[in-house]
Amino acid sequence: MSTTVTQDMSFLHLISSASLLVQLVMLILVMISLLSWWFIFRKLFVIRNEIKKTDDFEDVFWRGADMNALYQRTTNSRYDSGSMERIFAAGFSEFNKHPAGSDLEAVMESTRRAMRATYQREMDYLESHLSFLATVGSVSPYIGLLGTVWGIMNSFRSLSSVTQATIAHVAPGIAEALIATAMGLFAAIPAVVAYNRYASGTDQLATRFESFMEELSNVLQRRAAG
């Protein structure tokens, strides 16, 4: 006479019957994943919006728009302006603070410092939370692995209380342990992909901003010399 042992191997049952440490690991990974997705979507809109505003401003600027009118428009809509517009406004404002006849080299150095300070603030904003995504991508698999190792250890420890070990005795514990690994990867993979994409996007914007600062410096220097 043989006895067939059936166990509930559903996803929810495995989680609810997991050990406290494994459940804690799963909870941490769920919270990390949700926060990661929030930053992923937020940065998606921020960077897309910044690229559009940069394209629009460069198009207007290099079509020969009057810089005084452009500065006035930027200051009037400061909260709706893009990073490049604010860099322009900072440099143009600093340039105009110096009276005619001032030492040109000192004027341009002061203008570049003003633009550089604004540039740094804008880049800090664009790069905010990217380090969190990088941390999630590197740490989440190890957090999941901790739950996996602990779950497998509990599975093998449970064998000490049985006289005949079968796969049915260890399957639930191993399954719950592997769920922790899967959750760690589920949190890590999107974070790594998003980080690489957004880091590339911010690097491209940084290059455009730096090029614009150099070009604007040349324009202002010619304007002062003329």
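Per-structure values
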read-out	value
Neighbours by Cβ (under 8 Å, 6+ apart or cross-chain): first from the stretch 208-226, modelled with pLDDT of 90 or more; second among the basic types (Lys, Arg)	Met213/Arg112; Met213/Arg116; Ser217/Arg112
Residue pairs meeting the criteria (Cβ under 6 Å; at least 6 apart or on separate chains; first open to solvent by 10 Å² or more (accessible area, probe 1.4 Å), in the stretch 81-94; second among the aliphatic types (A, V, I, L, M))	Ala90/Ala114; Ala90/Met115; Glu94/Ala114
Number of the exception - Thr111 against (1) among the hydroxyl-bearing types (Ser, Thr, Tyr); (2) open to solvent by 20 Å² or more (accessible area, probe 1.4 Å); (3) in contact with a Phe, Trp or Tyr (Cβ under 6 Å, 6 or more places away or on another chain)	(2)
Residue within the stretch 197-210 that is open to solvent by less than 80 Å² (accessible area, probe 1.4 Å) and farther than 23 Å from Met84 by Cα present	no
Candidate set: the stretch 140-161, residues that are in contact (Cβ under 8 Å) with a residue 40 or more places away in the chain and of a type in the set (A, V, I, L, M); chosen: the one least open to solvent (accessible area, probe 1.4 Å)	Ile143
Residue in the stretch 47-64 that is open to solvent by less than 30 Å² (accessible area, probe 1.4 Å) and either of a type in the set (Gly, Ala, Ser) or free of Cβ contacts under 8 Å to residues at least 24 places away in the same chain (or both) present	no
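The values are calculated or read from the model by the stated rules, or taken from the named source; none is laboratory data. Just so it is clear, the model here is predicted, and its values are computed rather than measured. Ideal geometry is used to build each Cβ from the backbone, glycine not excepted, and the neighbour counts take in all protein chains shown. These accessible areas exclude ligands, DNA and RNA; they are computed on the full protein's heavy atoms, side chains included. Shrake-Rupley method; radii C 1.70, N 1.55, O 1.52, S 1.80 Å.
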